[in-house]
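Please treat every number below as a calculation from the coordinates, not as lab data. Since we're looking at a predicted model, the values are computed, not measured. In this analysis, Cβ positions are derived from the backbone assuming ideal geometry, glycine residues included, and neighbour counts consider all displayed protein chains.
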Amino acid sequence: MKKRLGIDIDGTVTCPSTFIPYLNKSFQKNLTLKDITQYNLAPLYDTTEEEMDRWMEKYEAMIYERAPLAEHALEVINSWKNKYELFYISARGRHLYDLTEQWFQKNGVHYHHIELIGSHDKIEAVKTYRISAFFEDKYDNACDIAEACQIPVILFDTPYNQGPLPKQVIRVKDWLEAKQHVERLLST
């Protein structure tokens with residue numbers, strides 16, 4: 001049986017700066033990815049969490065549809081399509097499934113399964129699908145999954161996910177580095 005890779009979508013397969021131009025336009029800011037030093041965007045854009053939630057509800061589908069791929073994501077992921085089972089586990093809401101699947105097809109990103117759980121708590125899905133390694137950009141998710149599931153988690157380095165890491169979490173700068181770690185970790 002092939003090992004399963006669990007892969008977050010936003011900020012991992014898609015470029016971590018995807019939302020910034022849209023947020024800047026709506027909230028009249030000029031922030032860059034370097035300025036996004038926390039996952040909660042409301043304080044950075046001088047707004048409330050409720051207003052940010054309304055903004056997301058209004059714009060998320062359009063942004064997800066246009067989201068650019070992270071550098072090297074396509075070549076690395078597609079190089080694994082026959083070696084591993086590729087399970088995407090995302091906090092996106094289930095109502096975005098068709099749009100998400102269309103994005104994968106349009107961008108040529110291989111997948112075996114897409115799970116939109118509508119929450120950042122991915123531990124149950126990781127356990128249910130017996131994931132061997134997980135790819136994430138959200139700091140607390142990476143730490144929680146590594147500790148609860150006892151699997152390696154590849155954390156893509158961004159300004160918003162800094163902090164001490166448990167030993168199973170490996171910080172990487174890009175998909176090429178992620179590939180090296182995964183192939184070393186799962187080669188046995």
For Glu115, enumerate residues with amide H under 5 Å from its amide H, sequence gap 5+ or separate chain, H modeled in the peptide plane.
Tyr88, Ile89, Ser90
Taking 0.36 nm per residue of separation and subtracting the Cα-Cα distance, what length does fully extending Glu57 through Arg130 add?
23.1 nm
For the range 84-188, which trypsin sites (Lys or Arg not before Pro) are both in a DSSP coil and crowded by at most 14 other Cβ atoms within 10 Å?
Arg130, Lys167, Lys173
Pairs from Lys58/Lys81; Lys2/Lys122; Lys29/Lys173; Lys2/Lys167; Lys25/Lys173; Lys83/Lys127 whose Cα-Cα separation, in the structure shown, is over 31 Å:
Lys58/Lys81
Rg(Cα) of the range 47-151 divided by 2.2 N^0.38 Å?
1.14
For the range 6-90, size of Cβ-based charge dipole, Lys and Arg +1, Asp and Glu -1, in debye
320 debye
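Average projected area of the Cα convex hull of the range 72-133, in nm²? Please report the intermediate quantities before stating the final value.
Numbers: hull surface 17.6 nm².
That works out to 4.4 nm².
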Quick check: net charge around Tyr84, other residues with Cβ under 12 Å of its Cβ, Lys/Arg +1 and Asp/Glu -1?
+4
Rounding to the nearest 20 debye, state how big the charge dipole of the range 40-145 is about its Cα centre with +1 on each Lys and Arg Cβ and -1 on each Asp and Glu Cβ.
580 debye
Over the Cα atoms of the range 20-66, each weighted equally, I'd like the Debye log10 I(q)/I(0) at q = 0.14 Å⁻¹, rounded to two decimals.
-0.31
Semi-axes, largest first, in whole Å: what does sqrt of 5 times each Cα gyration tensor eigenvalue give for the range 1-97?
29, 15, 11
Along the charge dipole of the chain, pointing to its positive end and built from +1/-1 on Cβ of Lys, Arg, Asp and Glu, which listed residue (Ala70, Thr18, Ile151) has its Cα farthest out?
Ile151
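Determine the dipole magnitude for the range 20-66: charges of +1 sit on the beta-carbon of Lys and Arg, -1 on that of Asp and Glu, nothing else is charged, the reference point is the Cα centre, and the result goes in debye to the nearest 20.
300 debye
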